[in-house]
1. Kindly evaluate ILE133 against the criterion of being touching a Gly at 6+ places or on another chain (Cβ under 8 Å), under 19 Å from ILE77 (Cβ atoms) and of a type in the set (Val, Ile, Thr).
2. Would you be able to tell me the number of residues in the range 138-169 that are assigned to a loop (DSSP other than H, G, I, E, B) and crowded, with 19+ Cβ neighbours inside 10 Å?
3. Every residue in the range 40-68 that is part of a loop (DSSP other than H, G, I, E, B), within 22 Å of the chain's Cα centre (by Cα) and at pLDDT 95 or above, please.
4. For the range 104-127, give me the residue count where each residue is of a type in the set (Val, Ile, Thr), crowded, with 19+ Cβ neighbours inside 10 Å and farther than 16 Å from THR204 by Cβ.
5. Restricting attention to the range 1-20, which residues are free of Cβ contacts under 8 Å to residues at least 60 places away in the same chain, part of a helix (DSSP H, G or I) and buried (at least 24 other Cβ atoms within 10 Å of the Cβ)?
6. Which of the following residues is free of Cβ contacts under 8 Å to residues at least 60 places away in the same chain, among the hydrophobic types (A, V, I, L, M, F, W, C) and within 17 Å of ASP314 (Cβ to Cβ): CYS177, CYS128?
7. Considering only residues of the range 58-76 that are within 26 Å of ARG24 (Cβ to Cβ) and out of contact with any strand residue (DSSP E or B) (no Cβ under 7 Å at 6 or more places or on another chain), which is surrounded by the most Cβ atoms within 10 Å (Cβ to Cβ)?
8. Restrict the check to the range 239-251 and report whether at least one residue is under 30 Å from VAL28 (Cβ atoms) and of a type in the set (S, T, N, Q).
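The values are calculated or read from the model by the stated rules, or taken from the named source; none is laboratory data. All figures in this text were calculated on a predicted structure; none of them were measured in a lab. Quick reminder, even Gly has a Cβ in these numbers, built from the backbone with ideal geometry, and neighbours come from all protein chains shown.
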Amino acid sequence: MKTVLVTGSSGLIGSEAVTYFDRRGWRVAGVDNNMRADFFGPKGDTTWNLNRLRAQTRNFSSVPADIRDRAAMRLIIADVKPDLIIHAAAQPSHDLAASRPFDDFDVNAVGTLNLLESTRLARDANVCDPVFIFMSTNKVYGDAPNELPLTEHATRWEYARPDDFHGIREDCRIDRCLHSVFGAGKVAADVMTQEYGKYFGLKTGTFRGGCLTGPNHSGVELHGFLNYLFKVAREGGAYTIFGYKGKQVRDNIHSLDVISAFETFANDPRPGEVYNLGGCRGNSCSMLEAMDAAQELTGKKIQRTYVDQNRKGDHICYISDMSKFRAHFPDWSITKPLPQIYKELVGLE
């Protein structure tokens with residue numbers, strides 16, 4: 001029986017990985033200390049998701065360990081002996097990071113290094129030699145994507161040049177721009193994961209996620225745009241738009257398609273590679289477009305508040321160009337189109 005170790009196993013991506021591989025007959029070991037509740041309060045608590053996983057899986061076990069605990073990570077990897085590690089644990093909010101920079105960097109950068117080094121030591125001791133997948137973020141590009149020329153349309157911003165139609169590629173620079181504290185810490189983890197593949201020969205893959213979404217997300221205002229928006233819509237609540245006239249664009253990928261991309265890479269790993277991962281143009285929407293869809297599906301009106309100041313370093317228009325991943329793995333494709341994601345978020349599918 002193959003084994004996968006999942007960090008952040010009660011979060012959106014982690015919990016999807018748990019159910020995905022459990023259904024395929026893998027042994028699944030989870031690491032999650034519910035620090036999301038500490039970061040975001042009761043609305044960010046993921047205990048409900050852990051309880052759901054325990055009830056619905058057959059070969060899943062979880063420990064409330066902290067990835068900042070170097071000794072614990074080394075012991076867990078040596079004990080579990082995974083064939084695959086999916087590292088999805090994170091402090092995920094670039095807003096929150098500004099007020100808790102040490103916590104942010106210790107979780108995102110140092111925690112990742114702890115896992116990478118523990119994996120290398122296990123490999124060198126012939127304990128196990130897993131594929132190591134790191135869930136990075138498009139925030140590693142900082143605000144460099146905002147330098148692309150844009151045109152304003154009725155409900156969204158759009159790229160002005162035909163060459164930019166498919167969005168941001170991996171050759172977009174990651175320095176000499178504003179990142180947020182969160183983005184800077186993720187850059188460190190992103191590059192370190194690549195380095196452990198290129199320098200030490202670990203089977204690492206780095207995935208720079210766009211907007212990751214799905215019904216198993218504990219979305220809050222500071223993180224989880226689409227899930228939180230639809231939660232507000234279901235409750236008939238209030239939503240605050242921060243800048244860009246509400247026309248800022250994001251591409252959205254369902255957590256199931258994220259995990260299928262991970263599995264595809266794990267089956268034929270390319271050590272040290274980095275890929276963009278998002279819903280691409282077909283699953284892109286602006287905030288205004290998403291709000292209209294949420295209101296139509298729920299039949300409830302969202303109370304909108306507009307703040308003319310955008311979030312610091314926020315992208316105006318971000319669409320993931322996945323040409324590189326598709327060239328390397330042509331059999332992979334997105335299976336969850338945006339209208340279906342919308343319906344899942346309101347409980348219609």
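1. On the way: touching a Gly at 6+ places or on another chain (Cβ under 8 Å): yes; under 19 Å from ILE77 (Cβ atoms): yes; of a type in the set (Val, Ile, Thr): yes.
Yes: the conditions hold for ILE133.
2. At the first step, the residues of the range 138-169 found to be assigned to a loop (DSSP other than H, G, I, E, B) are 142-143, 148-149, 153-156, 160-161, 165-167, 169.
The next check asks that each one be crowded, with 19+ Cβ neighbours inside 10 Å; those that pass are 142, 156, 167.
Total satisfying the criteria: 3.
3. Residues of the range 40-68 that are part of a loop (DSSP other than H, G, I, E, B), as a first pass: 41, 45-46, 57-59, 64-68.
Now drop any that are not within 22 Å of the chain's Cα centre (by Cα), which leaves 41, 45-46, 64-68.
Within the range 40-68, PRO64, ALA65, ASP66, ILE67, ARG68 meet the criteria.
4. Residues of the range 104-127 of a type in the set (Val, Ile, Thr): 107, 110, 112, 119, 127.
Now narrow it down to the ones that are crowded, with 19+ Cβ neighbours inside 10 Å: 107, 112, 119.
Now narrow it down to the ones that are farther than 16 Å from THR204 by Cβ: 107.
Residues meeting the conditions: 1.
5. Result: VAL18, single match.
6. Working: CYS128 fails: within 17 Å of ASP314 (Cβ to Cβ).
After ruling out the rest, the residue left standing is CYS177.
7. To start, the set of residues in the range 58-76 that are within 26 Å of ARG24 (Cβ to Cβ) comprises 58-65, 67, 73, 76.
Still in the running and out of contact with any strand residue (DSSP E or B) (no Cβ under 7 Å at 6 or more places or on another chain): 58, 64, 73.
Values: ARG58: 9, PRO64: 12, MET73: 24.
So the residue we want is MET73.
8. no
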